[in-house]
1. Using the Kirkwood radius built from alpha carbon pairs, what does the Stokes-Einstein equation give as D for chain A at 4 °C and 1.567 mPa s, in µm² per second?
2. Say the dipole of the protein assembly as shown comes from +1 at the beta carbon of Lys and Arg and -1 at that of Asp and Glu; which of E:SER320, E:TRP65, E:PHE431 then lies farthest toward its positive end?
3. Which number comes out as Rg/Rh for the stretch A:121-308 once both Rg and the Kirkwood Rh are worked out on C-alpha atoms?
4. Between the helical axis of E:246-259 and the dominant principal axis of chain E, each derived from Cα atoms, what acute angle in degrees is found, rounded to the nearest 10?
5. Out of E:SER102, D:THR64, E:GLN329, whose Cα points farthest toward the positive end of the dipole of the protein assembly as shown (charges: +1 Lys, Arg; -1 Asp, Glu; placed on Cβ)?
6. As a check on your grasp of the helix formula, calculate [θ] at 222 nm for chain C: sum -39500 (n - 2.57) over DSSP H runs of n ≥ 4, divide by the residue count, round to the nearest 500.
7. Rounded, prolate or oblate: which fits the stretch D:1-75 when a ≥ b ≥ c are the square roots of the eigenvalues of the alpha-carbon gyration tensor, with rounded for a/c under 1.5 and prolate only if a/b beats b/c?
8. Tell me, E:TRP286, E:TRP398 in order of fewest to most beta-carbon neighbours within 10 Å?
Amino acid sequence: MNLLIDFTLLIGILAIALTCLISRSLFRSVVFFILLGLMLAIGWIRLGAPDIALAEAAIGAGITGVLLLDTLGHLKKTGNLENDEPAPGRKRLILAIVSSFTLVGLLLWAVFNQPTPAINIHLLVTEAMPESGVSHPITAVLLNFRSYDTLLEVGVLVLAVLVGLALQTDQQAQDSLPGLPNPLLHACLTLLIPAMLITSMYLLWAGADRPGGAFQAGAMLAAAFILLHISGIKLSSQVSHRMMQAGLLLGFGVFLAVATSSLIGGRPLLTYPEGGAGMLILLIELALTLSIGLILLSLFTIANSPPHHKDQGGDHGH
Amino acid sequence: MTWVYAVTLLILLISLIVGVWRVIQGPRLADRLLAAQLFGTTGVAVLLLLAELQSLPAARDTALVLALLAMLAAVAFVSRVWKVRPDSEDRP
Amino acid sequence: MDTNLIFTLCGVGLCGIGFFGFIYHRHLLRRLIAFNLIGNGTFLIMVGFAQRGQGVTDHVIQALVLTGIVVAVAATALGLVLIRRWFQLKGSTQLPEDDAS
Amino acid sequence: MTLLMILQSILLISGALMFLVGSIGLVRFPDTYTRIHALTKADNVGLGLIVIGLIPASFSVLVTLKILLIWLLVMLASALSGHLVAWEARAQQVPLKPSEGESSKETFSKRELSTKESSDEPSD
Amino acid sequence: MNMILSPIPWLLVIPLAGAVLTMLVPYHWRSPASVVGIFTQLMASVVLWYQVTHYGPQFYAMADWQAPLGIALRADGLATLFILMSSLVASACAFYAHAYLSLQKRAHFWPLLWFLWASLNGIWLAADTFNLYVGLELLTFAAVGLVAFASDERSLEASIRYLYAALLGSMAYLLGVALLYGAQGTLSMDSLAETWHWGPTNQVAVTLILGGLLLKTAVFPLHTWLPPAHGGALTPVSALLSALVIKASFYILLRFWIEFQIYQFLPSLSQLLGALGAGAILWGGWMALRQTHLKMVVAYSTVAQIGYMTLMFPLLVAESSEASLLAYQGGILMLLAHAFAKAGMFLAAGNLIFCTGKPDLVSLAGMSRYRPLNIFAFGLAGVSLMGLPPSGGFNAKWLLLQSSFMSGQWWWIVVLLLGNLLSAAYVFRVFAYTYQETDALDTYKRPKLSLELIALGLSVGSILLGFISVWPLEMISLPGPVMEALP
């Protein structure tokens, strides 16, 4: 029975993915992409990975979907929603088919000849768990055993916003699209937003011993911010630009500060002091949640601000 | 009891696949979006059932997240995609 | 045939479909979606393949996939920012065809 | 198999069937407004049945509360999104039946909309 | 060795903190803060160099967790050499950018540069396959941002091309890492090398990783994204990209190639890589000869130079270990010389373009009389690229030639010589334009002296490398994982 469920999911996911790419309407592609996120969230639960399912539900199906929809609206504004550009030629089609079949063939060959791994890293994780300061292994890996990766990854997020800001040279530029003046929507917001904020905090707090954590919580927070933003309540007009920037950097800054503080104590980078790991991880996660929420919101709003035409010619920069 | 959950799940998955038809068919943007909305709700039901079937309580949290984000897409769609050019229809 | 293998195969399929779309399409938004499909396929392979080998739930690879998902969403957002800017400047959603280079 | 289990099974399966009916309705109904109807039925009743069916399986009060909360949220979300889509559809004068929708009788005009907005619910 | 004295964490913390600081402080303070950062960074690099040469390779366990569970960093001779190289070149480009860019542009440049620097140092030091992936993504984002922030059409198009190519490359790399993890259960490069066995899974994984990294390094014929990106960016950015950024993926490729002994997998694979390198040398040189824009000439010259570096892969397979050592040394020296020469050449080209106000070659007329210092800098860099003695480029090519002789792979000699002729041709072609005389001299602008001196300094560095080649070669011959795995 389980196999039947898995197979149905497999067929569903692949069918949706294929339709997503070959569909002629761009909007349909985006809707299928959102549906794919949903199916994948179910798939991750089947794989026993609820943490990823949470992230996929919040980020894949939620945030990315909204970002794509928003871009679509942007392209549509000038009548470019449809695929009105010439269809790719036959040569490209043959190239694409051949190379994707090659890839699939190679991967299948690799998958069906899998050797037994020589190292069982999960044994090491189980062994080290008591010293990690948390009781959920994934949080332990993310914020203790492999916290260096996470630090760089938060750097990647900050960097994405930074590039967006560098392109948007007018600092005060606001999202030009109006809000949605629907009375029922605004009435529901008073219920939904608190629910989202509480869920975000719940996910953050759950991360210590159950699936959840800063990324899922941050994505939830971002969803709340974006919902407010779309409805016409713009966070960027409530707080100053500088405050916003400090908020964006808070998570990365706190993480880096905690990481460096261990150096001064003569221990390797990112080491937590004896017994203080749990507290520090919570502190980092709290700051990360807020920052990730703001970063995802900024990535959503940056793209909306009006274009800026500046001095032409890149190479006369004096 | 397990098989009841499994059968229920299968029916839900089949209903998902039926819903895909509407997304493909359209003919309006709104219809596609409504189908996606139904997908979201069905997904919530699937996740709640999986939580019991696999005794994985975290699946309920995933359902909670989905339930909360279900309308984000609808709001984004109405305010951003649909609002801009009233007379537009996308061609099938 | 177990769940891990099925989803590994699903990942292989997603990678193939995504790779096809990435090469075939010229519309930048579609190519970005295709990239996301490859990404999701890769993540499925990561977890399914590792868990199939280890025979247990592998928390390390799940944590890595979380990192990967966040990086992918950042990449998508960055791509969208660039696409919109490009669209504002040129009014086009694809890049000019490569010349002889 | 106890009586409770049988009851549970009936609830779950009829809930799932409700979803199936909703999906079919979405496919079969002729216009956007009636499709909203199909959608919200499935959401509210189908999920409700499944949630009630699942309550006996969860032994803790917290879990029960959580799934009830999820149900409530889904109802809120589907009501809201149904409303928004219908609201916008009317504002954009989407015809009641696209198959014969060219006749102006069946489309809402902007003027009608502004006067009726508060009282008139969509076809659900 | 006391942990607190190790410069390894500081090499990462300083640039990351620099990025945060330069994003927070007001515009006017960003440059002074960065200058302080640059000097501490240079100091940390020198301290690391001292420690590695005196106490041998350094290992560092991040967060105090040992390798298969945690993330290890290691600074062997090769990593240290690259840290020194990137510190020197990046500092030069940073000072150049400070003088070259407007206040507004500079304000955005600094945090991007710091992220770029952090990711470079992270990659040089990394010993973990997934950590390398995150490092590569950080590098990609920073580089794309640097290309895009000129925010004109050309640079935007180039940055989109670059982003898409780089994303596909990293995804292929990640897929390979996933397969390796599934087959061997570890991400640490040392434990991967220990438990390595050539099954189908590993072969496919290696293929994917090679493909992804070749795309990111812009090896012919996957190079099409490079010339517009490097030619279209602002001058200091072009120099950074050509001199350092492409080296990162090449470095990972090299480490994988040697440490996992990929050369044993399929001899024809290394010949294929060599063929790609040969294609790059000839095609890049030919295209450089045909460009009408100065910076595009330099950008295509990068494509060709990547080809020379790729030539070391087939030579590393050689039966005689002496020949493979020569190839290894030649390749690394090539890479170093190219970093300095190309940075110098791009900066000199940028100065010339600033002078004339036009990007094309024809408007260079009269420049050799008007800006002799600049032309001299361009010429010195050209000497190294052409491989004329005495220069780093000459020594590198000499080593590669010797290795080809020794291993009997004479066909690469032909490619090397032909490539040299092409490089000479495109460099002299630029010179020819600068010697022409027209009468429109009054419209020229005078660049700041510091800009010309920085370009000259880098070019002189690439020549100087010819006299002190022994020193980096000793450095990379220090015991370490790469030296142990060499054939």
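Bear in mind these aren't lab numbers, they're just calculated from the coordinates by the rules spelled out. Since the model is a prediction, treat every value here as computed from it, not as a measurement. With ideal geometry, Cβ positions are generated from the backbone for all residues, glycine too; neighbour counts draw on all protein chains shown.
1. Numbers: Rh = 22.7 Å.
In µm²/s, the coefficient is 57.
2. My answer, from the dipole projection, is E:PHE431.
3. Values: Rg = 18.5 Å, Rh = 17.8 Å.
Taking Rg over the Kirkwood Rh, I get 1.04.
4. Helix E:246-259 and the main axis of chain E meet at about 20 degrees.
5. E:SER102
6. Numbers: 3 runs with 81 residues, N = 101.
Mean residue ellipticity, 222 nm, calculated: -28500 deg cm²/dmol.
7. Working: a/c = 5.25, a/b = 1.77, b/c = 2.97.
Verdict is oblate for the stretch D:1-75.
8. Starting with the residue having the fewest Cβ neighbours, the order is E:TRP286, E:TRP398.
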